[in-house]
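One structure below.
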């Protein structure tokens, strides 16, 4: 039997060092096994709903698969797997983002936008890998992301149109504006329009809340004056509690206009006003009742004296007639 001849591993290693061949060009830098693993991951990534909604992601996956298939085994390195895994992570995030964007809850859409922002950063990372960038893989995902942002801009715009609570409405308008802006040049005008709407509504809201706060402070002051009147003048406390009631109603009308949650925080003032108002009304009724009683007493005396005087006058008249 003929003996096999072989070159010791140390000899090969020394030869590579002497020739100064870069390690990533040597067979040790990659393998057919790693290539097969990456292709299996790509082929097993099957998301019909997502790919129907965002066809660009399907193209990115297919393009990546074609790139890997065209590479020699030794060219497929851990770096290759790294950027492919990043792409597959983007696809998974897109799926989660798409599911959230179909919800009717604004909180789910906010979470979806947060995922989109993370995807945007990940795409920037993907651009740092030469093979991915040269083959336009990140570029395929970008329009899908921009289209998502435009959809969210429209969602929050519609949400703001139907929102009754001004504070939430302003927040929806801001999110809409930002989303439109991230959606690219096609929705820049929409972004500007929604930014104007949010600033206008915020200015009106801030102004009205300042007025409402002033009315609440006035209401508290009048309430305190009603509890502790500065003089003993009858009716002063009642006048103060009426002013407190009027000021509170002015503030309430502003809070109701904006459907503002602050209305719940000042509810105790209304209860205090009602309690003091009822107490003062009862005291006033007592005073009026006493006054009427005294007036009735004097009226009775006057009426009695008047009747007595009438009787005396009748007697005098009758006496004169008898004498005559």
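With closer than 27 Å to residue 98 by Cβ and in contact (Cβ under 8 Å) with a residue 60 or more places away in the chain as the only criterion, which of 179, 189, 198 stands out? Of the residues listed, the single one that is closer than 27 Å to residue 98 by Cβ and in contact (Cβ under 8 Å) with a residue 60 or more places away in the chain is 179. Looking across region 66-84, the residues that are in a helix (DSSP H, G or I), touching a residue at least 40 places away in the same chain (Cβ under 8 Å) and under 47 Å from the mean Cα position of the chain (by Cα) come down to 67, 78, 79, 80, 81, 82, 83, 84. Going by the structure shown, is residue 103 within 16 Å of the chain's Cα centre (by Cα), in a helix (DSSP H, G or I) and surrounded by fewer than 16 Cβ atoms within 10 Å (Cβ to Cβ)? It is false that residue 103 is within 16 Å of the chain's Cα centre (by Cα), in a helix (DSSP H, G or I) and surrounded by fewer than 16 Cβ atoms within 10 Å (Cβ to Cβ). Taken over region 56-81, the criterion of being exposed (fewer than 13 other Cβ atoms within 10 Å of the Cβ) and closer than 21 Å to residue 127 by Cα is satisfied by 66, 69, 70, 78.
Taking helices (runs of 4 or more DSSP H) as the structural unit, those lying wholly within region 161-273 and holding at least 2 residues that are modelled with pLDDT of 90 or more and surrounded by 13 or more Cβ atoms within 10 Å (Cβ to Cβ) correspond to 166-182, 188-227, 236-257. Evaluated against (1) closer than 20 Å to residue 58 by Cα; (2) in contact with a helix residue (DSSP H, G or I) (Cβ under 8 Å, 6 or more places away or on another chain), residue 184 falls short on exactly one condition, (1).
The values are calculated or read from the model by the stated rules, or taken from the named source; none is laboratory data. Since this is a predicted model, take the numbers as computed values, not measurements. As a convention, Cβ positions derive from the backbone with ideal geometry for all residues, glycine included, and neighbour counts pool all protein chains shown.
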